[in-house]
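All remarks here apply to the structure that follows.
The values are calculated or read from the model by the stated rules, or taken from the named source; none is laboratory data. What you are looking at is a predicted structure, and each value in this text was computed from that prediction instead of being measured. Cβ coordinates were reconstructed from backbone atoms using ideal geometry, including for glycine residues, and neighbour counts include every protein chain displayed. We work out accessible area using only protein heavy atoms, side chains counted, and drop any ligands, DNA or RNA first. Shrake-Rupley method; radii C 1.70, N 1.55, O 1.52, S 1.80 Å.
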Amino acid sequence: MVALLTPADRAAFIRCRRQWDLGARARRNLEPMLAVEPLDVDRAVRDALAVYYFPGMWDWSRVIVLPLVKKALDDALARQAAQMGAGDTPGFDDRAASAQALLDAYLAWAPTVERLSPVLIEVDYEVDLPDPDRPEDGLFAANGEHIRYRGRADEVAVDEHDAYWIVRHRVVREWTALDALVRDEEAAAACWAWERFYIGMEIAGTIHNEMRLPSAAERERAPAAGAGSADLLQRGGVPQHEASGGGRSIPQHRRLYARASEPALLERVVHDRGPWFRRTWIRRTRPEVHQAGHLLATEAREMFGDNVAVYPSPSESSCRRCAFAAPCLALYEGRHREAEAVLTSSYRAARHADVVEGRLGGVSWSVGRGAAPPRFGGTEQDRAPS
Ligand code: SF4
C-alpha cells in the first residue's frame, strides 16, 4: 500500500491545515455535494488545448485540427452543463461565451510565438519520495506506507534547442506576479518528480501559459482565429518530423543521441505576450530542482507523520473560495457537533480525477520509456524490470 500525496493536497496543507485536513485524500477526503464554481473555464479550455497540442496531430494542417479543438471545448462545456444543470446556474452562458472567445483568440495568437513541439499532454507521473535526511532510503508514513507523489503535467514539450520544458496552461483573472511564478514550488517539484519518473530526461524549466478571461466588452473585440489555420512551417512551432525536435520519436532520440544545444547566454525569465495572454518561460537550475524535491519530501514527512498539528489559517485569499467555509465557521464558534452535522449532510467522499483509461494524453510509464520508475522498498520482484 502507498500513501498518495498530490500537488493539490500539498497546496492545501501550506494554505490552511484545516482545509487540508477536511479535503486531502489521506485525511477526511471530503468535497461539497454542490459545485462551488458556476463553470470551470480553466478545465474546459485545458481540455481543448489538450487536442490543440496533441503530439500525434502537431504536424497536421490546422484546417483539420482547429475544428477538433473547438469541438473539444464545446464537448467540455456540454459535459459540465450536464453535470451542473446549467439552466439553473447563473452566469453559465456568459462564462461559456468567454471561454469560447478566449480559445478563439488563443488560436490566433499562439502561432505567432510558438517555439515548441509537444511531446506529451495531460500526462500523469508518480514517484516514491525519498527520506529528506537519507535520500537513498524511501519515505514512509506513520502507518508504514510508502509516500508517493502523484501529479499531472498539462504538457511536456521540447524547444528548438532540444531542451525539455514542463508547460502549465492556466485561465486567470489577472496576471500572476512574476515572483510567485519563479517561487512556484509546485512547478519546481514537477521538474524534480518528472526527472525521477522519466529517467534520462532533464527538464530545462517551466512555462506558465496564462490566459486572461475577457470581459463581455472585451469579447466584442476578439481577434479572429484565422491566423491559426496555416500549416506548421508558416504558423510557428517545431515540426515533429525534423531531426532536431519532434514529439513522436523523442524518447529514443533523446536517450541515445540528442543533447540540448542551447545558446551560451540564457535568460532566466522570458515573456511572450499577447492581448489576453502571457507565456512566461522560467529556467530552473539544478540546485533549484534538487531543493524542490528535498522540500517536498520534508513537507510530506510532516503531513504523514504522527501527531501532525491541524489548525485553521484564515485569510482573505484562502477563505474567500474555501469549500469548507460553513463547517469551519461552526468550528470557530465552538459548535463542533453542528460542524460535524454539516460535513455529514452536505459533503461526500471526494471523487478524484486519477488515471482514467482512454483519457486523452493518459499513458502508462512503459510507453516509449525504456525504464521503470525508481521505487523504494517492496519486494525484489517489484523492483525487477518487466
Ligand atoms: S474557511 Fe479559511 S480558515 Fe476555514 S478551512 Fe477554509 S481556508 Fe481554512
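Summary table
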read-out: HN-Hα J in Hz across region 17-27 - Karplus 6.51, -1.76, 1.60, θ = phi - 60°, x for Gly and Pro; value: 5, 5, 4, 4, 4, 7, x, 5, 5, 7, 10
read-out: Modelled FRET efficiency - R0 22 Å, GLU160 with LEU68, Cβ distances, 0.05 increments; value: 0.30
read-out: Residues with amide H under 5 Å from that of VAL172, placed H, sequence gap 5 or more; value: MET211, ARG212, LEU213
read-out: Rounded FRET efficiency, nearest 0.05, which uses the C-beta distance separating GLU220 from SER345 and R0 of 41 Å; value: 0.40
read-out: Two-site FRET efficiency, GLU302 against ALA78, from Cβ-Cβ distance with R₀ of 56 Å, rounded to 0.05; value: 0.85
read-out: Surface share of carbon and sulfur [accessible, 1.4 angstrom probe, percent] for region 1-127; value: 59
read-out: Positive dipole terminus of region 1-116, leading residue within VAL69, CYS16, LEU107 (C-beta point charges); value: CYS16
